[in-house]
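The values are calculated or read from the model by the stated rules, or taken from the named source; none is laboratory data. Bear in mind that the values here come from a model prediction, so they are computed numbers and not experimental data. Glycine also receives a Cβ, built like all others from the backbone with ideal geometry; neighbour counts cover every protein chain displayed. Areas reflect the complete protein model, heavy atoms only, side chains present, ligands, DNA and RNA absent. Shrake-Rupley method; radii C 1.70, N 1.55, O 1.52, S 1.80 Å.
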Amino acid sequence: GTFTSPGDYGNRRGQLNPSWWDNNNTQYGMIHRVLITEEGTQLDDELFPNFTISSLHLSELDYISLTIGVEKDARYVGGLSLFGEKFGDHPQPIVMRAIF
């Protein structure tokens, strides 16, 4: 799926950022949820029905890989920031759960 951020989130300091985090860096952002089921992949409230849990062929792999990035031909090329529990505004680590 494709998500286009509505901003770059640099207009104020992130609530959790340590003092050494430079003010010129991205400061905060949004929290997102990705859920993959047999019905498709849900990115927040948007459903992508062609990408299901079966299409991942997990039983054939020894690991699970998730790629998050910016396409070369994206509308806004420039970068991506992922914040953990001690940066930005959300005191939550990056979480992945696999439920069988």
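What the table below lists for this structure:
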item	result
Loop-resident sites, region 1-91, for GluC sites (Glu not before Pro), counting at most 10 other Cβ within 10 Å (DSSP)	E38, E71
Efficiency of FRET from Cβ geometry, E60 and S81, R₀ 41 Å, rounded to 0.05	0.80
Where labels lie 7 Å past Cα in the beta-carbon direction, separation of Q15 and F3 in nm	1.9 nm
Ratio Rg/Rh [Cα only; Rh per Kirkwood] for the chain	1.01
Solvent exposure, largest accessible area first (probe 1.4 Å, DNA, RNA and ligands not counted), of H57, H90	H57, H90
Loop chymotrypsin sites (Phe, Trp or Tyr not before Pro), region 5-67, which have at most 15 other Cβ atoms in a 10 Å radius of their Cβ (DSSP)	W20, F51, Y63
Listed residue (I94, I36, H57) projecting farthest to the positive dipole end of the chain, Cβ model	I94
Local electrostatic count at W21 - Lys and Arg +1, Asp and Glu -1, tallied over other residues with Cβ under 11 Å	+1
Total charge dipole magnitude, region 7-93, about the Cα centre, Cβ charges on Lys, Arg, Asp, Glu only, Debye to nearest 20	480 debye
